[in-house]
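Everything on this sheet refers to the single structure shown next.
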Amino acid sequence: MNGTGDRVRVWAIAGSLRTDSWNQKLLVAAAALAPEDVDVHISDVLPQIPLFNEDLIGNEPAAVGRLRAEVQAADAVLIVTPEYNGMVPGVLKNLLDWITFPLFACAMMDKPVSLMGASTGKLATARAQSGLRQLFVYNRALVVPSPEVLVNFAHEAFDSKGQLIDPMYRDRIAHQFAYLKKYARLNTMDEVALNS
């Protein structure tokens with residue numbers, strides 16, 4: 001583990017720049033529901049990330065270096081995504097392009113990933129999450145298969161203070177963390193076996 005003792009360190013981000021984002025609220029709620037032995041680091045680096053430009057590889061802006069270092073130091077990743085026009089938001093895709101470049105030698109490689117998302121629509125962020133699953137295939141990142149956390153009708157799932165009050169989603173988040181923790185620990189055991 002990169003964390004202390006048996007603790008699992010999770011790097012987490014919401015893929016929205018909106019101040020009152022449902023997905024930022026979901027991320028904060030999820031972090032509060034994490035098991036006691038899981039440390040969730042909510043990154044604030046998204047607004048600082050420039051547009052991906054391959055010409056900058058090797059001379060990346062400081063924010064990109066910080067981004068990669070944060071992800072590299074984590075045992076697992078949590079991404080909370082909105083869905084724009086049926087797809088992953090451009091700002092989140094741009095951030096992931098920086099993290100996952102170059103292919104097969106990136107900070108995301110072999111890390112377990114949890115996906116969540118919230119929207120006021122019926123399908124929540126199902127299509128955006130499907131797109132992220134495809135993206136992570138190229139980086140050998142293991143996406144937690146279930147339970148899916150697709151918070152639809154978000155305006156009903158949160159109260160006026162932004163607290164997640166729907167018990168079904170709270171339960172799904174707890175179960176997803178249990179699997180993320182399991183995969184992170186298995187991944188660490190594999191690394192130890194390979195290096196011994």
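For region 8-28, the count of residues that are more than 30 Å from residue 156 (Cβ to Cβ), surrounded by 16 or more Cβ atoms within 10 Å (Cβ to Cβ) and out of contact with any Lys or Arg (no Cβ under 9 Å at 6 or more places or on another chain) is at least one. In region 143-184, of all residues being farther than 19 Å from residue 33 by Cβ and either assigned to a helix (DSSP H, G or I) or hydroxyl-bearing (Ser, Thr, Tyr) (or both), the one that is modelled with the highest pLDDT corresponds to 155.
For beta carbons closer than 8 Å, sequence separation of 6+ or different chains, a first residue in region 5-20 that is of a type in the set (Ser, Thr, Tyr) and a second that is part of a loop (DSSP other than H, G, I, E, B), the qualifying pairs are 16/82; 16/89. Quick one: would you say residue 48 is touching a residue at least 24 places away in the same chain (Cβ under 8 Å) and of a type in the set (S, T, N, Q)? Against the criterion (touching a residue at least 24 places away in the same chain (Cβ under 8 Å) and of a type in the set (S, T, N, Q)), residue 48 does not qualify. Among residues of region 87-124 being among the polar types (S, T, N, Q) and touching a residue at least 60 places away in the same chain (Cβ under 8 Å), the one that is nearest to residue 178 (Cα to Cα) is 114. Return the residues of region 144-169 that are touching a strand residue (DSSP E or B) at 6+ places or on another chain (Cβ under 6 Å) and either over 16 Å from residue 88 (Cα atoms) or of a type in the set (Lys, Arg) (or both); say none if nothing qualifies. Answer for region 144-169, where residues must be touching a strand residue (DSSP E or B) at 6+ places or on another chain (Cβ under 6 Å) and either over 16 Å from residue 88 (Cα atoms) or of a type in the set (Lys, Arg) (or both): 144, 154, 157, 158, 164, 169. Exactly one residue among 6, 20 is farther than 21 Å from residue 182 by Cβ and at pLDDT below 95, and that residue is 20. One residue is enough: does region 57-74 have a residue meeting the conditions in contact with an Asp or Glu (Cβ under 7 Å, 6 or more places away or on another chain) and among the basic types (Lys, Arg)? No, every residue in region 57-74 fails to be in contact with an Asp or Glu (Cβ under 7 Å, 6 or more places away or on another chain) and among the basic types (Lys, Arg).
The values are calculated or read from the model by the stated rules, or taken from the named source; none is laboratory data. Owing to the predicted nature of the structure, the values given are computational and were not obtained by experimental measurement. Backbone-built Cβ (ideal geometry, glycine too); neighbour counts: all protein chains shown.
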